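Some notes on the structure that comes next.
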Amino acid sequence: MASQPLPRVFIVGGGFAGLAAARALKNAPVDVTIVDRRNHHVFQPLLYQVATASLSPADISAPIRSVVRGQRNCDVVLAEVTGVDVARRRLLVANGYVGYDYLVLAAGATHAYFGHDAWAPIAPGLKSLEDATELRRRILLAFETAEYEGSDEARRAVLTFGIVGAGPTGVELAGAIKEIAGQTIPEDYRHIDTRTTRVVLFEGGARILPAFPPGLSRKAQRHLEQMGVEVRLNSTVTDITVEGIYLGDEFIPVRNVFWAAGVKASALGASLGVPLDRAGRVIVGPDLSIPGRPEVFVTGDMAAATSADTGAPVPGVAQGGLQMGRYTGEQIVQATGGRSSPSTRKPFVYNDKGSMAVIGKAKAVAHIGRLEIGGFPAWLLWGGIHIAFLIGFRNRLQVLLSWFWNWMLNARDARLITGDARLDIKVVRPDEFIADPGDHRHR
């Protein structure tokens, strides 16, 4: 007699939630398939360090296949999922479909421009390695352009960086760019003083790091201002152009704008035919499944979930994704082992392990339980936790060595401009070999 086929579990997305779900299924009697349009997992909390040349892309990423190499019941498929047919239990891809018994959607989120999608090419965000290397290209090209810019006004604009959104990503970017300009590269340029670089952090609310306690927000703002970052609170950006930022009638010449103000969930959730919240996240039940379909789970940044013990929303951070992914895998293990049914599943409870943000060298803030920590102790704690959660011994060692090297020498050795390296010069400085500025403009 032929053996019964094992239940097929498809996991869409190889991020924190997707990999956590796969690992929870390691010893289960199921066939697991991870589907992702990229072949690698990225440690997103350190993307800003790739964008600011502290780390290289390979330092914070790993091939998904190598991550699950030792998991015999797990396969990996490089493909882009286009939708879900929940009625027929089919996962739709570009060239067809595949059937599933259980489905875990963990496709993450992307940037949200709140109805101003035309800003995207001017003000890129930071969600992928491609985003990080693009930000790095723009940051480094700004200094190269300023070196040969003959107009004082244009030089000031190109040495001005505007960051929209003062959550952890915005704060970390602002501090890192100011450190590059003030500590790492001043001796590298002959015609400009990079220490005059202006970094402006725009926040629509009353304080930066709004998810942190007010005391830590104030401490982080003091650190940033001591470094020379301009913090603009209660400042709503109304327009962004290639020449600068508008705050109502006020115009600020800024040639480099980066977006850290909001995210929206993967459009894949809209194909489920279930309610979504304003950010496009799927409103899931207490067991992270969608209404009427207990075999379909949504986790990570795609899920609008609440913790069963407090009723509070689960934040869109790495620990939330890890916990939701692990929980989802455990529910499938219970179901396939006959130890639970949809009506007896225990609801998801989120364990808040704290929040951290780094501002600069030896400057950070951390909120863990009732503890509020700032300065050097918070920076050490931040570094230790991030090293621990990186995937792979090589990555941990490489990042640790890079941080030590950067600490000792204020070095950022990943200052590589990849892609289009044309300068954006308005007026060429006299007696320079760049003869025609019109041929070197790029935006």
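Counting neighbouring beta carbons within 10 Å and listing from fewest to most, the residues Tyr102, Tyr350 come out as Tyr350, Tyr102. Rounded to the nearest Hz, the phi-derived 3J(HN,Hα) couplings of segment 82-89 under the Karplus curve 6.51 cos²θ - 1.76 cosθ + 1.60 (θ = phi - 60°) are 9, x, 9, 9, 5, 5, 9, 6, where x marks glycine and proline. Couplings 3J(HN,Hα) for segment 290-301, derived from phi with the Karplus relation 6.51 cos²θ - 1.76 cosθ + 1.60 (θ = phi - 60°), are 8, x, x, 9, x, 8, 10, 10, 10, 9, x, 5 Hz, where x marks Gly and Pro.
Could you work out how far helix 393-409 tilts from the main Cα principal axis of the chain, as a 0 to 90 degree angle to the nearest 10? With both axes taken from Cα atoms, the answer is about 20 degrees.
Distance from the Cα centroid of segment 23-96 to that of segment 194-212 is 33 Å (rounded to whole angstrom). Just checking the listed ones, Gly360, Gly292, Gly205: in the Gaussian network model of the chain with Cα springs under 10 Å, the one fluctuating most is Gly292.
Look at Met302, Met227 and count the other Cβ atoms within 10 Å of each Cβ; fewest to most, that gives Met227, Met302.
Rounded if a/c is under 1.5, else prolate if a/b is larger than b/c, else oblate: which is segment 270-358, with a ≥ b ≥ c the root eigenvalues of its Cα gyration tensor? Oblate shape, in that a/c is at least 1.5 and b/c is the bigger or equal ratio. In loop segments of segment 111-220 as defined by DSSP, the trypsin sites (Lys or Arg not before Pro) with at most 12 further C-beta atoms inside 10 Å of their C-beta are Arg190. Placing dummy labels 7 Å off each Cα toward the beta-carbon, the span from Ala388 to Ser66 is 2.4 nm. In the chain, the longest principal axis of the Cα atoms and the axis of helix 318-336 are about 10 degrees apart.
So which of Lys127/Lys353; Lys264/Lys346; Lys361/Lys426; Lys26/Lys353; Lys127/Lys219; Lys26/Lys127 end up more than 31 Å apart, counting from Cα to Cα? Distance filter (> 31 Å) returns Lys361/Lys426. Using C-alpha pairs below 8 Å separated by at least 6 residues, the relative contact order for segment 159-316 is 20 percent. Rounded to the nearest 10 degrees, the inclination of helix 214-227 to the longest alpha-carbon principal axis of the chain is 40 degrees. All other residues whose Cβ lies under 14 angstrom from that of Arg38 are scored, Lys and Arg at +1 and Asp and Glu at -1, for a net of -1. When Ile385, Ile163 are arranged by Cβ crowding within 10 Å, least crowded first, meaning fewest neighbours, the order is Ile385, Ile163.
Just so you know, all these numbers are worked out from the coordinates, no wet-lab data involved. These figures come from a predicted structure and were not determined experimentally. Cβ sites come from the backbone with ideal geometry, for glycine too, and all protein chains shown count toward neighbours.
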